[in-house]
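Data block below; observations after.
The values are calculated or read from the model by the stated rules, or taken from the named source; none is laboratory data. Keep in mind it's a predicted model, so treat the numbers as computed, not measured. Using ideal geometry, Cβ is built from the backbone for each residue, glycine included, and neighbour counts are taken over all protein chains shown.
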């Protein structure tokens, strides 16, 4: 079946998958298209089309692909989200007659054209026929085996016999997050019943369950919507905030948590767990909807939220009873073998205690090993920690003479990573500079 017309969340998801746009970029472009009259309002949780829009979509589908590609009856879509407000219809091309992408190509360029094209195709496809497929399962028997038994293998293949809506648009998919979603369609070669096959190779595979893939902006927006967290107007802001605050970074399309995120989550879960509970947040979103609709009094709700009522202790009481916080304990994790991971102001590091005077250790035997930038938390195993500890200690050295001041330029490996400085003994504060990401601490020289 074709996918429903776009809501805010599905537009952000699909624009991320197909156009590689962030949630914020998608909303910025959509805002521009809306203001210029190309699409309807872009903040909506309703997949419903107006009667005029359905007529326009069906008419263009018939014109572009033929009557046999148009659904026999108008398709009416309903939102699956129980918290949906549905104050606006789905995101679609504006007007009673949709302008084809070819008709706006001279007016829209780059991302604006790509997003309009995506919205137009999705809207047209939503009123088209289902695609038809044919699935064949072949059973392949192997006998006799050395022990006299019989083994049977199966293989399935699927082919599209009628493209239907797929002639206009195919929805992209996120990387599957569990084993049940990982089956992929494939085609079988031409086979006949009782046909004898030669085994070219037989391989025994040890199947292990893989962890779910990292979230992308698309899959995170989808998860937020499923959990009832956020609304069409806030999805992009949520995604932007966790990146701007340094809680996650992007590797390609993947969102990778930073070390500071684990410290923040640990603090919240240990001290204000109720406020970071998914169900609590979803209920709060529902209450805010009720306030917006005039069904709840804002002042009364805020008073109850802050001072509490019944089983709810209130934010004021929770914060007042947090007690003393030990930042060092909060930022520390025992990795085993006497290795402690700590997250400091300038990044994560490993801490071990050896003999005073050992290479890299201070007078108390404490040694600090910086975590290389770019090493994700899930990549720091105990084995990796030992590898970092056993790596050669970077030695302070003279790189050369600064031509302007005449003082030596020194390389040092400090608490916050490797850096260079001008060794001016009379300076109140020596000039320093951190190494660029492209520089190697082992090979840096004066020219570099």
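Annotations
- Test: residue in the stretch 6-22 that is without any contact (Cβ under 8 Å) to a residue 12 or more places away in the chain and in a loop (DSSP other than H, G, I, E, B): no
- Members of the stretch 225-244 found to be surrounded by 13 or more Cβ atoms within 10 Å (Cβ to Cβ) and farther than 21 Å from residue 288 by Cβ, listed by number: 243
- Tabulated pairs, the stretch 99-124, first outside the structural domain of residue 46 (by TED's automatic domain parsing) and closer than 13 Å to residue 21 by Cβ, second modelled with pLDDT of 95 or more and surrounded by fewer than 17 Cβ atoms within 10 Å (Cβ to Cβ), C-beta under 6 angstrom, 6+ apart or interchain: none
- Residue that is surrounded by the fewest Cβ atoms within 10 Å (Cβ to Cβ) [pool: residues in the stretch 187-224 that are touching a strand residue (DSSP E or B) at 6+ places or on another chain (Cβ under 7 Å) and assigned to a loop (DSSP other than H, G, I, E, B)]: 187
- Beta carbons closer than 6 Å, at least 6 apart along the sequence or on distinct chains, pair a first residue in the stretch 310-326 that is without any contact (Cβ under 8 Å) to a residue 40 or more places away in the chain with a second that is surrounded by 14 or more Cβ atoms within 10 Å (Cβ to Cβ) for 314/308; 317/308.
- If you go through the stretch 319-348 and keep only what is farther than 17 Å from residue 264 by Cα and surrounded by 12 or more Cβ atoms within 10 Å (Cβ to Cβ), you end up with 335, 339, 340.
- When restricted to residues that are more than 11 Å from the chain's Cα centre (by Cα) and not in a loop (DSSP other than H, G, I, E, B), the stretch 225-239 contains 6.
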